[in-house]
Amino acid sequence: MGIAYIIVSIVPIMLLVYIWYLDRLEHEPLGLVAAVFVVSALLGTAAAAAIEELGGFLLGATPLGSIPVFSDFVYFFFVVALVEEFCKRFPVMRLVWKHSEFDYRFDIIVYCVASAIGFAVAENIMYVGVFGSDVTIGRLIPVHTICGVFMGYYLGCAKICERGGNAEARKKYLIMSLAIPVAIHGAWDFCVSADIDALAIAAMVGIVVLTIYAWHRLHLYAKHDAPL
């Protein structure tokens, strides 16, 4: 099982290194990238686990918790996805949003991906520890990373609007920076947990399409990066 721990840790970190390398105009300081990664991995996952435990308990204690499919929908979208995406975004907003190093549009994508991968690595290690090496391949599906790319893109848009004094557009993009990742994350978790073959197939097709799209957009954003 030691090999499984290495795989689910090293593969995501290698992806983060590659995305850091894509930021060719001005590489982000490794210390700040590492700080976001570690805070998300340690504090983000701990906070998410505690809140999800409480949220699941409260949902189960309400009439909604007894409605089969609907309760799963509420749980995966509004307990798991919302909580985890918020906990991944929080370190970025606290450590990077007002930092002088955030001076190019692509920068915030690097930090959001660092937070997402930090969270994913910690979660991967936990899953392997609980369920064994059988879950190794499944843990390499890059849902967290995809969400990080979209989160970073919309946060970058929000920062540009902030610099331009457009408060209304800034608010819209800040909402989208959380809402879009929550929608992706929630849909994935709900579909693969529903024990319905059609939904599982739709989830796999959807994640392949999103992976290709996010990979393409990531390189496009890096190529056309510019100062804020």
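The values are calculated or read from the model by the stated rules, or taken from the named source; none is laboratory data. What you see is a predicted model, and the numbers here were worked out from it, not measured in a lab. Here Cβ is always computed from backbone atoms with ideal geometry, including for glycine, and neighbour counts include all displayed protein chains. For the accessible areas, the whole protein counts, side chains as well, though only heavy atoms, and no ligand, DNA or RNA atoms are used. Shrake-Rupley method; radii C 1.70, N 1.55, O 1.52, S 1.80 Å.
Within the stretch 184-225, track down each residue that is part of a helix (DSSP H, G or I), among the small types (G, A, S) and open to solvent by less than 50 Å² (accessible area, probe 1.4 Å).
Filtering the stretch 184-225 down to residues part of a helix (DSSP H, G or I) leaves 184-193, 197-223.
Cutting the leftovers down to among the small types (G, A, S) gives us 186-187, 193, 198, 200, 202-203, 206, 214, 222.
Listed by number, the residues that qualify are G186, A187, A200, A203, G206, A214, A222.
Can you name the condition, by its number, that F77 falls short on among (1) open to solvent by less than 70 Å² (accessible area, probe 1.4 Å); (2) under 17 Å from L155 (Cβ atoms); (3) in contact with a helix residue (DSSP H, G or I) (Cβ under 7 Å, 6 or more places away or on another chain); (4) assigned to a helix (DSSP H, G or I)?
Against the list (1) open to solvent by less than 70 Å² (accessible area, probe 1.4 Å); (2) under 17 Å from L155 (Cβ atoms); (3) in contact with a helix residue (DSSP H, G or I) (Cβ under 7 Å, 6 or more places away or on another chain); (4) assigned to a helix (DSSP H, G or I), F77 comes up short only on (2).
Give me a count of the residues in the stretch 105-114 that are open to solvent by less than 10 Å² (accessible area, probe 1.4 Å) and either under 18 Å from A183 (Cα atoms) or assigned to a loop (DSSP other than H, G, I, E, B) (or both).
Keep residues of the stretch 105-114 that are open to solvent by less than 10 Å² (accessible area, probe 1.4 Å), which gives 106-114.
Next, from what is left, pick out any that are either under 18 Å from A183 (Cα atoms) or assigned to a loop (DSSP other than H, G, I, E, B) (or both): 106, 112-113.
The number of residues fulfilling the criteria is 3.
Output the residues belonging to the stretch 154-168 that are open to solvent by 20 Å² or more (accessible area, probe 1.4 Å), small (G, A, S) and assigned to a helix (DSSP H, G or I).
Answer for the stretch 154-168, where residues must be open to solvent by 20 Å² or more (accessible area, probe 1.4 Å), small (G, A, S) and assigned to a helix (DSSP H, G or I): just A167.
Just to be sure, is F102 within 13 Å of G148 (Cβ to Cβ), open to solvent by less than 60 Å² (accessible area, probe 1.4 Å) and of a type in the set (F, W, Y)?
no
Can you tell me which residues in the stretch 97-113 are over 14 Å from L174 (Cβ atoms) and among the hydrophobic types (A, V, I, L, M, F, W, C)?
Matches in the stretch 97-113: F102, F106, I109, V110, V113.
Residues checked against (1) of a type outside the set (S, T, N, Q); (2) in contact with a strand residue (DSSP E or B) (Cβ under 6 Å, 6 or more places away or on another chain); (3) over 18 Å from V83 (Cα atoms):
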position	(1), (2), (3)
I146	yes, no, no
K159	yes, no, yes
S177	no, no, no
I180	yes, no, no
D189	yes, no, no
L199	yes, no, yes
V209	yes, no, yes
Y213	yes, no, yes
K223	yes, no, yes
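Which residue, of L64, L58, is without any contact (Cβ under 8 Å) to a residue 12 or more places away in the chain, touching a Phe, Trp or Tyr at 6+ places or on another chain (Cβ under 8 Å), assigned to a helix (DSSP H, G or I) and surrounded by fewer than 16 Cβ atoms within 10 Å (Cβ to Cβ)? So that I can check it myself, show each step before the final result.
On the way: L58 fails: touching a Phe, Trp or Tyr at 6+ places or on another chain (Cβ under 8 Å).
Being without any contact (Cβ under 8 Å) to a residue 12 or more places away in the chain, touching a Phe, Trp or Tyr at 6+ places or on another chain (Cβ under 8 Å), assigned to a helix (DSSP H, G or I) and surrounded by fewer than 16 Cβ atoms within 10 Å (Cβ to Cβ) holds for just one of L64, L58, which is L64.
If T45 satisfies all but one of (1) over 22 Å from I137 (Cα atoms); (2) at pLDDT 95 or above, what's the number of the condition it fails?
(1)
Taking the conditions exactly as written (within 14 Å of F37 (Cβ to Cβ), at pLDDT 95 or above, crowded, with 16+ Cβ neighbours inside 10 Å and in contact with a helix residue (DSSP H, G or I) (Cβ under 7 Å, 6 or more places away or on another chain)), does V96 satisfy them or not?
Working: within 14 Å of F37 (Cβ to Cβ): yes; at pLDDT 95 or above: yes; crowded, with 16+ Cβ neighbours inside 10 Å: yes; in contact with a helix residue (DSSP H, G or I) (Cβ under 7 Å, 6 or more places away or on another chain): yes.
Spelling it out, V96 is indeed within 14 Å of F37 (Cβ to Cβ), at pLDDT 95 or above, crowded, with 16+ Cβ neighbours inside 10 Å and in contact with a helix residue (DSSP H, G or I) (Cβ under 7 Å, 6 or more places away or on another chain).
Take V121 and tell me if it is open to solvent by less than 60 Å² (accessible area, probe 1.4 Å) and part of a helix (DSSP H, G or I).
Values: open to solvent by less than 60 Å² (accessible area, probe 1.4 Å): yes; part of a helix (DSSP H, G or I): yes.
Criteria met by V121.
Could you grab me the full set of residues in the stretch 12-55 that are open to solvent by less than 80 Å² (accessible area, probe 1.4 Å), farther than 16 Å from H99 by Cβ and among the charged types (D, E, K, R)?
E52
Which residues, taken from the stretch 157-174, are closer than 23 Å to W215 by Cα and in contact (Cβ under 8 Å) with a residue 60 or more places away in the chain?
Keep residues of the stretch 157-174 that are closer than 23 Å to W215 by Cα, which gives 157-160, 173-174.
Across the stretch 157-174, the qualifying residues are K159, I160.
Out of V36, V74, V11, which single residue is in contact with a Pro (Cβ under 7 Å, 6 or more places away or on another chain) and either modelled with pLDDT under 95 or of a type in the set (V, I, T) (or both)?
Working: V74 fails: in contact with a Pro (Cβ under 7 Å, 6 or more places away or on another chain); V11 fails: in contact with a Pro (Cβ under 7 Å, 6 or more places away or on another chain).
One residue alone meets the criteria, V36.
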